[in-house]
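Structure first, commentary second.
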Amino acid sequence: MLRLTDVSKRYGSGAWVLDRVDMEIPPGQSVGILGSNGSGKSTLLRILAGISRPTRGRISGMPRLIGYVPDRFPAADAMNPIAYLVHIGRIRGLGGDEARRRGLLLLERLRLAGGIRTPIRALSKGNAQKVALAQALMTPPELLILDEPWSGLDAGAHQVLGEIIAETVRAGGSVVFTDHRESVTGAHATMAYRVDQGRVLRHQPGTRAPMAHVMLTDPGAEFRSPSRIDWHEVDGVAGVGGDGGQIQLRVHPAACDDLLMIALRGGWSVAEVRRDHAATPARDGERWSR
Ligand SMILES: Nc1ncnc2c1ncn2[C@@H]1O[C@H](COP(=O)(O)OP(=O)(O)OP(=O)(O)O)[C@@H](O)[C@H]1O
């Protein structure tokens, strides 16, 4: 089993990004990593993938076959998707024909649009993300590491990715993924960790971290209504309620200032900001209450 023991990480002489992390990734589990922007999620994933070395601490049980989808796919690639996948397949030990067959199958399953012969750098963000996913799956991974994998994916590919995660876990592999939306993490993870101020703690089922509650109202200005904002897509938003002239948001405290700025710029009035004082029981219907 992949295990981090007392792992810390800093870049150069900067602040500690990860601080004395103990963590296990058991086989047959899908592990969600929660945390606000800049909390260290990508750093943690790069260490789990063996791409970045911890400054201190130990890693054991690193699987041989790791599929890794980084947060930023090097989209400046002049290769086309199928040539790139054949190249990756061959590096992983597949024959040319087998690599081509598997690459085409994956691109079809993820419904790549934009052409298998278009240079990757000319693809849209979502289609480049599909190629990034396909390369991680060219050989069935024992550990699949996905950094914000849903970012930019359309609804069809969103569902396929959920199926791929479930299949990997059913086959006895492990999946580790990040996503800033708690609802997405809840839907696809069997266990979760939260990165907060360098520490990585189990996200306990039955509780949720202290949250901020924000109520916004339409100021009722005569000639101007507030902007329509898809609050589900705003970083740190874990729940949205209300309608029309009044909106209630449940927000990770670290993201609250940025959210208030977006609201005010959009012409909303801030009617109330309230903060939980301690971890509170999950509400009925939230996946974490399993
Ligand atoms: N290569 C690097 N060199 C120096 N600092 C880095 C490097 N990579 C990350 N950092 C810093 O480490 C901290 C954690 O970054 P990281 O990308 O791991 O966070 P994150 O939780 O994945 O953020 P996000 O949700 O925005 O993707 C940040 O302060 C970032 O600036």
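Listing for the model above:
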read-out	value
Some residue of segment 55-62 being free of Cβ contacts under 8 Å to residues at least 24 places away in the same chain and away from the ligand (no atom under 11 Å from the Cβ)	no
Residue in segment 19-33 that is touching a strand residue (DSSP E or B) at 6+ places or on another chain (Cβ under 6 Å), within 15 Å of the ligand (Cβ to nearest atom) and small (G, A, S) present	yes
Unique residue being of a type outside the set (S, T, Y) and not in a helix (DSSP H, G or I) when the list is G126, G115	G115
In segment 165-197, residue nearest to the ligand (Cβ to nearest atom) [restricted to those that are among the hydrophobic types (A, V, I, L, M, F, W, C), assigned to a strand (DSSP E or B) and buried (at least 18 other Cβ atoms within 10 Å of the Cβ)]	V195
Matching residues, segment 223-234, being closer than 26 Å to R194 by Cβ and open to solvent by 60 Å² or more (accessible area, probe 1.4 Å)	D230, H232, E233
Any hit, segment 143-157, residues being without any contact (Cβ under 8 Å) to a residue 60 or more places away in the chain and open to solvent by 60 Å² or more (accessible area, probe 1.4 Å)	yes
Single residue of A254, A263 found to be outside the structural domain of G40 (by TED's automatic domain parsing) and open to solvent by 50 Å² or more (accessible area, probe 1.4 Å)	A254
Residue within segment 53-66 that is of a type in the set (A, V, I, L, M) and buried (at least 18 other Cβ atoms within 10 Å of the Cβ) present	yes
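The values are calculated or read from the model by the stated rules, or taken from the named source; none is laboratory data. None of these values were measured; they are calculated from a predicted model. Please note: Cβ atoms are built from the backbone with ideal geometry, for glycine as well, and neighbour counts cover all protein chains shown. We work out accessible area using only protein heavy atoms, side chains counted, and drop any ligands, DNA or RNA first. Shrake-Rupley method; radii C 1.70, N 1.55, O 1.52, S 1.80 Å.
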